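The values are calculated or read from the model by the stated rules, or taken from the named source; none is laboratory data. Keep in mind that this is a model prediction, so the values were computed, not measured. Cβ placement follows ideal geometry from the backbone for every residue including glycine, while neighbour counts extend to all protein chains displayed. To get the accessible areas, we keep the full protein, side chains included, count just its heavy atoms, and leave off ligands, DNA and RNA. Shrake-Rupley method; radii C 1.70, N 1.55, O 1.52, S 1.80 Å.
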Amino acid sequence: QVQLVESGGGLVQAGGSLRLSCAASRNIFSINVMGWYRQAPGKQRELVASITSGGSTNYVDSVKGRFTISRDNAKNTVYLQMNSLKPEDTAGYYCNARIYTYVTKLNDYWGQGTQVTVSS
């Protein structure tokens, strides 16, 4: 079992920056993949960025060059640095941890979310 707690959301003007944090209840070195999802009103939840235990990263096209996902294994924390924010980035942001327990089985864990609102 993994508990995740997000922080760092808030209200920011377009062009500004925010840094989201996701603190895990266990060593993230043992978590296969951690990621940030977001969900805006009326839209499906989408994967924004992910990072594997090996350090491989992936981003949705709309945030490439603006967002950076990173890990601090010593602090059991994953970060999402968001720069050049746009109103379209407004959404609830959720931390996710995925652990592969078997070749054909995985477990997903979710935080409660943190709201990011970007004004124009």
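At-a-glance table
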{"read-out": "Test: residue in the range 70-88 that is without any contact (Cβ under 8 Å) to a residue 12 or more places away in the chain, within 22 Å of Ala24 (Cβ to Cβ) and open to solvent by less than 60 Å² (accessible area, probe 1.4 Å)", "value": "yes"}
{"read-out": "The lone exception for Val63 - which of (1) open to solvent by 20 Å² or more (accessible area, probe 1.4 Å); (2) farther than 20 Å from Leu106 by Cα; (3) more than 11 Å from the chain's Cα centre (by Cα) it fails", "value": "(1)"}
{"read-out": "Qualifying positions in the range 93-107 - of a type outside the set (Lys, Arg) and open to solvent by 10 Å² or more (accessible area, probe 1.4 Å)", "value": "Tyr94, Ile99, Tyr100, Thr101, Tyr102, Val103, Thr104, Leu106, Asn107"}
